[in-house]
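The block underneath contains the structure these notes are about, expressed in structure tokens.
Nothing in this text is a laboratory measurement; each read-out follows from the coordinates by a stated rule. Note that the coordinates shown come from a computational prediction; the quantities given were computed from them, not determined experimentally. Reconstructed Cβ throughout: ideal geometry from the backbone, glycine too, with neighbour counts over all protein chains shown.
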Amino acid sequence: MSDELILVLGATGTTGRRIVGRLRSSGVAVRAASRHGEVRFDWADPATWDAAVTSVTRMYLMAPHELPVDPLFVERAVKHGVRHIVLLSSRAIEVMGDERLMAAERTVRDSGADWTILRPDWFDQNFDEGFFQPAVLAGGLAVPVGEARQVFVDAGDIAAVAAAVLTGDGHAGQSYELTGPEALSFGEAVRIVSEASGRPVRFGGTDDDYRAQQERLGMPEEQTRQEIAAFTALRDLGDQQATDTVLRIAGRPPKSFRAYATEAAASGAWAG
């Protein structure tokens with residue numbers, strides 16, 4: 001790996017900053033790129049692309065929520081010498097009809113470079129760093145998946161797998177599903193967050209609960225309708241199962257959701 005330079009996109013984000021930290025602590029050369037990071041990278045500004053990919057041999061590829069992975073950028077990266085692309089995707093994207101991520105997976109598979117796709121389940125950190133945090137602080141979260149169990153995964157475990165793939169061999173052409181150690185319903189996860197934080201947090205798992213929440217947030221009705229359809233498909237899929245990917249690739253057992261919530265609460269994530 002002495003002659004490798006790894007590009008990490010989204011380097012200030014939930015997974016990106018953890019990957020940068022792991023790689024650098026191991027002495028790996030990293031280029032940390034984001035809109036406001038060490039190296040400026042903006043999906044909307046192709047003038048920032050060349051500086052990000054020049055001299056890079058491997059790349060952690062992700063795009064912020066709702067932004068597509070531009071095939072022209074991937075093509076440019078490969079032309080500059082990127083030989084292995086590790087894409088952050090998501091579990092159950094076919095079931096939920098997530099065309100953005102399905103297109104991203106097609107792009108890396110057709111890129112001409114080696115590729116590995118990471119498909120994590122719901123991030124633990126959605127509750128303290130991501131889009132569930134305001135609802136937790138407000139005392140109520142609605143996700144219309146009923147009691148179907150998900151296998152929430154810690155971002156630190158995703159980063160550990162990504163770092164192992166970016167620095168190791170034998171992962172080309174693989175798609176890895178990443179999960180935590182146990183399946184929980186959203187209601188159970190919310191109760192754990194409530195207990196850890198000392199905050200009362202209600203959970204609503206019906207379509208009506210979600211519709212009311214989105215109306216309060218001022219979200220467009222058509223968007224809410226589409227989201228409910230996607231969540232209904234996920235709910236109908238039933239309980240999800242844990243995988244051994246974190247242990248097998250990163251060499252350590254994944255963090256439990258309760259351990260995550262305890263640590264997040266101790267850090268002050270839900271204080272105030």
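Structure notes:
- Rounded to whole numbers, the Karplus 3J(HN,Hα) couplings from phi for the stretch 121-133 are 6, 4, 5, 3, 5, 4, 7, 10, 10, x, 6, 8, 4 Hz, using 6.51 cos²θ - 1.76 cosθ + 1.60 with θ = phi - 60°, and x at Gly and Pro.
- Value of [θ]222 nm, deg cm²/dmol, for the chain, DSSP H segments ≥ 4, -39500 (n - 2.57) each, nearest 500: -11500 deg cm²/dmol
- Within the chain, no whole DSSP H helix has Cα atoms reaching 27 Å or more along its own axis together with a mean Kyte-Doolittle score of at least 0.0.
- Long-range amide H partners of Arg35 with built H, under 5 Å: Phe41
- Quotient of the Cα radius of gyration of the stretch 170-272 and 2.2 N^0.38 Å, N being its number of residues: 1.34.
- Binned Cα-Cα distances of the stretch 63-120, short to long, each 5 Å bin given as a whole percent: 4, 20, 31, 25, 13, 5, 1
- In terms of packing, defined here as the mean over residues of other Cβ atoms within 10 angstrom, the peptides 157-165, 91-99, 68-76 line up highest first as 157-165, 68-76, 91-99.
- Rg/Rg_ref, the stretch 101-181, where Rg_ref = 2.2 N^0.38 Å and atoms are Cα: 1.34
- Local electrostatic count, Gly37, Cβ distance below 10 Å [Lys/Arg +1, Asp/Glu -1]: +3
- Share, in percent, of DSSP beta bridges within the chain that are antiparallel, nearest 5: 5
- Glu4-Ala212 FRET efficiency (beta carbon distance; Förster radius 51 Å; 0.05 resolution): 0.50
- Length gained when the stretch Asp236-Leu137 is fully extended (0.36 nm per residue, less Cα-Cα span): 32.7 nm
- Spread of Cα-to-Cα distances over 10 Å intervals beginning at zero, given as percent, for the chain: 7, 28, 35, 23, 7, 0
- Value of Rg to Rh for the stretch 6-120 (Rh from inverse mean 1/r over Cα pairs, i.e. Kirkwood): 0.94
- For Trp122, distant residues with modelled amide H under 5 Å away: Val151, Val153
- Placed amide H near Leu61: partners under 5 Å, 5+ positions off or other chain: Val86, Leu87, Leu88
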